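Below: one structure, written as structure tokens.
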Amino acid sequence: MPLVKRLYTIRVPPGIDLDKLNERLREAIRVPYAEIEVEKDGRLRIMLVGVEADVKDSWYRIKNVVAELWDLYNLSKKGEVSVDAIVKEIRRTFPPQALVEALSLRGYRAELLEGNVIRTNAPLDVVLSLASRIAEVLEEIKFDVRGTAAKRVVAAVAAAFDVVPQEVIEVGLKADVFEHDEEGKIVLKREWRQAIRRLGVVFRAGGLVGETGTSEGE
């Protein structure tokens, strides 16, 4: 099939990490030859050489990458970012509501909007760090905790207070938030939002004192 050469330009967010940008674009490109240059006005100049179908597919993928980067950039401008953009950035999936709760426990405003969009006043690096940690915790507890809600609670609290999930589980058992089921798995004893609030109180107060008492009431 004959090769074609196409030249495209597209604007990218200001201050973007050029190494990260180049890596993401290279992953998107499906043609045997490409040249990428960043111009002074903030535009990318991209030349693609390949068969027509691969050139069109590559350009489509490039536009998606840039759109996701703008989505992340807009968090600092509009306070909103799509869950899909976060997933693409950290390369892990996570429950959006767990991220909202973790941000709230950190003292930020956060809510999940229609269209799977998170609105928050947290900086992007905090959002990405918490989302990534939540995904890691879910992987760590997948065999020990039963139920989507229980896993969401452990992940949100562990990420928010930067503790290992086992500490959340141990504190939750003493605080009457979790219990063991007949198979020894950790399950929730309370509604999950109430459980997160309860654990938030306990961790802010420095954890439990002794086996049954708490250092601060609920």
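Any idea what Rg and Dmax come out to for segment 80-207 if you just take the C-alpha atoms, in Å?
Cα-based Rg and Dmax for segment 80-207 come out at 13.9, 43 Å.
Using a 7 Å offset from the Cα along the Cα-to-Cβ direction at both ARG43 and HIS180, what is the distance between the two label points in nm, to one decimal?
About 6.6 nm separates the two model spin labels.
Can you give the accessible area per residue of segment 4-78, in Å², using a 1.4 Å probe? Intermediate values should be presented prior to the final figure.
On the way: 4410 Å² over 75 residues.
Dividing the accessible area of segment 4-78 by its residue count gives 59 Å².
Can you check what the net charge comes to around MET1, using other residues whose Cβ is under 10 Å from the Cβ of MET1 (Lys, Arg +1; Asp, Glu -1)? Mind dumping the intermediate values first?
Details: positive: none; negative: GLU52, ASP54.
Counting the neighbours of MET1, the net charge comes to -2.
Once you've got the Cα coordinates, tell me which of LYS88/LYS185; LYS63/LYS142; LYS20/LYS151; LYS63/LYS88 are over 24 Å apart.
Working: LYS88/LYS185 32 Å; LYS63/LYS142 36 Å; LYS20/LYS151 32 Å; LYS63/LYS88 14 Å.
Check vs 24 Å cut-off fails for LYS88/LYS185; LYS63/LYS142; LYS20/LYS151.
Could you tell me which label, among [x] 33; [y] 16; [z] 7, carries the value of percent of Cα pairs over 33 Å apart calculated for this structure?
From the options [x] 33; [y] 16; [z] 7, the structure gives [x].
Output the peptides 176-186, 146-156 sorted from most to least packed, where packing is the average of other Cβ atoms within 10 Å over each peptide's residues. All intermediate terms of the calculation are to be shown ahead of the outcome.
Details: 176-186: 14.2, 146-156: 23.3.
So the peptides 176-186, 146-156, ranked by packing, come out 146-156, 176-186.
For LYS78, give me every one of the aspartates and glutamates with a C-alpha distance below 18 angstrom, ignoring sequence neighbours fewer than eight places off in its own chain.
GLU68, GLU111, GLU114, ASP125
Quick check: at a probe of 1.4 Å, how many percent of the accessible area of the chain sits on carbon and sulfur atoms?
Details: 5530 of 11680 Å².
Answer for the chain is 47 percent, counting heavy atoms of protein chains only.
What FRET efficiency do you get for ARG193 and ARG61 if R0 is 41 Å and r is their Cβ-Cβ distance, rounded to the nearest 0.05? Provide the component values of the computation, followed by the final result.
Details: r = 39 Å, r/R0 = 0.95.
So, using R0 = 41 Å, E works out to roughly 0.60.
Any idea what the dipole of the chain comes to, in debye rounded to 20, about its Cα centre with Lys/Arg Cβ at +1 and Asp/Glu Cβ at -1? Spell out each step's value before the answer.
On the way: 34 positive and 36 negative charges, 172 e Å.
Rounded to the nearest 20 debye, it is 820 debye.
Helix by helix through the chain, keep the DSSP H runs that span 30 Å or more along the axis on Cα and average at least -0.5 on Kyte-Doolittle, and give those back in order.
Working: long enough: 52-73 (32 Å, -0.46).
Length and hydropathy pass: 52-73.
Based on C-alpha coordinates, I'd like the Rg and Dmax of segment 4-78, in Å.
In Å, with Rg to one decimal and Dmax whole: 12.4, 40.
As an exercise, use a Förster radius of 35 Å and the Cβ-Cβ distance of ARG106 and VAL51 to find the FRET efficiency, rounded to the nearest 0.05.
Values: r = 49 Å, r/R0 = 1.41.
The value I calculate is 0.10.
Roughly what would the spin-label model give for GLU170 and ASP144, points 7 Å off Cα along C-beta, in nm?
If labels sit at GLU170 and ASP144, their model points lie 1.0 nm apart.
The values are calculated or read from the model by the stated rules, or taken from the named source; none is laboratory data. Nothing here was measured: the structure is a model prediction, and the numbers come from that model. FYI the Cβ positions are ideal-geometry reconstructions off the backbone, even for glycines, and counts take in every protein chain you see. Surface areas here come from the heavy atoms of the whole protein model, side chains and all, with no ligands, DNA or RNA. Shrake-Rupley method; radii C 1.70, N 1.55, O 1.52, S 1.80 Å.
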